[in-house]
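The structure under discussion appears below in the form of structure tokens.
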Amino acid sequence: MQISSAIFDCSAPDLEACPDESLPEFAFIGRSNSGKSSLLNFLAGKDGLARVSNTPGFTKRINFFTINQSWRLVDLPGYGFAEGAKKDSARFNKAVLRYLKHRANLCLVFALIDSGLTPQEMDLEFVEWLARNGVPFVLVFTKIDKETPAAVQANIAAFTAAIAAWFEQPPAFFTSSATQLQGRPELLGVIAEALAAIQAESNQTAASPQSPPRNAKALRKSRPDRSRPW
Ligand SMILES: Nc1nc2c(ncn2[C@@H]2O[C@H](COP(=O)(O)OP(=O)(O)O)[C@@H](O)[C@H]2O)c(=O)[nH]1
Ligand SMILES: [Mg+2]
């Protein structure tokens, strides 16, 4: 897929302030410092579009970027640095959880996991939350350039084994390195397939006018397979 334009749209503190739901959205979530903003820039093909930071927990807002004037990438605030928060929803940013649960035009979430680490409790907890709430997602193991391939494989195997019991079909997973430029075609392919599915749905609507209107919202509701949402 060609990216011909990538434009910062707006920055929202909560769900109410998010832009209208007219365009399909693909959101990046993960612990602070997992590489969300870097991966977003890499996929968009535009350095500096989303702010990359060495300070964990820096981005507190939901940032929207419009791609090819027809869909959006969404940089969500990272979890894992909420001061004083003890467990479950309190540990995760409330605005993020509400966005993930209620955003009707959210097509797919990229749940980022740092491939250099053994399974982290908060990542496992968050993936369990995604599963329980029926949020369509794929896993992306990031920063694969930082460790040996064997260490990366071992961390991925440990993580997928730890979450296996929560799924009838395990979620799809990908690997990426924003610095070594790896994983872009695969992830853009996932987005292209999701967009093609939406297009096919709306073509069907055009062909049979008596059926109810279909859009990104309807597609999300009708998607039966959480692990392969596209
Ligand atoms: N080696 C390496 N470093 C990365 C990669 N992606 C991000 N980083 C670094 O990890 C830090 C956090 O990245 P950022 O994209 O801001 O993470 P975010 O907090 O999840 O948005 C920054 O110092 C990035 O330069 C990667 O693929 N490889
Ligand atoms: Mg960031």
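The values are calculated or read from the model by the stated rules, or taken from the named source; none is laboratory data. Computed from a predicted structure; not experimentally measured. No Cβ is skipped: glycine too gets one built from the backbone with ideal geometry, and neighbour counts run over all protein chains shown.
Of all residues in the range 165-191, exactly one satisfies the criterion of being surrounded by fewer than 14 Cβ atoms within 10 Å (Cβ to Cβ), of a type in the set (A, V, I, L, M, F, W, C) and out of contact with any helix residue (DSSP H, G or I) (no Cβ under 9 Å at 6 or more places or on another chain), namely A165. Considering only residues in the range 1-26 that are in contact (Cβ under 8 Å) with a residue 60 or more places away in the chain and among the hydroxyl-bearing types (S, T, Y), the one that is nearest to ligand 1 (Cβ to nearest atom) turns out to be S5. Of all the residues that make up the range 141-152, how many are within 23 Å of F28 (Cβ to Cβ) and surrounded by fewer than 17 Cβ atoms within 10 Å (Cβ to Cβ)? Adding up the residues that qualify gives 3.
Residue-by-condition table, conditions (1) at pLDDT 95 or above; (2) closer than 17 Å to L106 by Cβ:
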| position | (1), (2) |
| --- | --- |
| A6 | yes, no |
| D14 | no, yes |
| E25 | yes, yes |
| S32 | no, no |
| G48 | no, no |
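Residues in the range 206-221: is at least one modelled with pLDDT under 90, surrounded by 12 or more Cβ atoms within 10 Å (Cβ to Cβ) and not in a helix (DSSP H, G or I)? Yes, the range 206-221 contains a residue that is modelled with pLDDT under 90, surrounded by 12 or more Cβ atoms within 10 Å (Cβ to Cβ) and not in a helix (DSSP H, G or I). Screening I198 with (1) modelled with pLDDT of 95 or more; (2) buried (at least 18 other Cβ atoms within 10 Å of the Cβ) gives one miss only, at (1). When V74 is tested against (1) under 15 Å from L97 (Cα atoms); (2) in contact (Cβ under 8 Å) with a residue 12 or more places away in the chain; (3) surrounded by fewer than 19 Cβ atoms within 10 Å (Cβ to Cβ), just one condition goes unmet, and that condition is (3).
Just the residues that are surrounded by fewer than 22 Cβ atoms within 10 Å (Cβ to Cβ) and in a loop (DSSP other than H, G, I, E, B), please, taken from the range 104-134. Within the range 104-134, A104, N105, G116, L117, T118, P119, Q120, N133, G134 meet the criteria.
Starting from residues that are over 20 Å from S37 (Cα atoms) and not small (G, A, S), keep the ones in the range 70-92 and report whichever is modelled with the lowest pLDDT. Ranking the qualifying residues of the range 70-92, first place goes to D88. Would a scan of the range 147-160 turn up a residue that is within 11 Å of ligand 1 (Cβ to nearest atom), outside any helix (DSSP H, G or I) and among the charged types (D, E, K, R)? Looking for residues that are within 11 Å of ligand 1 (Cβ to nearest atom), outside any helix (DSSP H, G or I) and among the charged types (D, E, K, R), one finds at least one in the range 147-160, hence yes. Taking A95, is it of a type in the set (G, A, S), more than 9 Å from ligand 1 (Cβ to nearest atom) and at pLDDT below 95? Yes, satisfied.
Residues of the range 27-47 that are assigned to a strand (DSSP E or B), more than 6 Å from ligand 1 (Cβ to nearest atom) and crowded, with 22+ Cβ neighbours inside 10 Å: A27, F28, I29.
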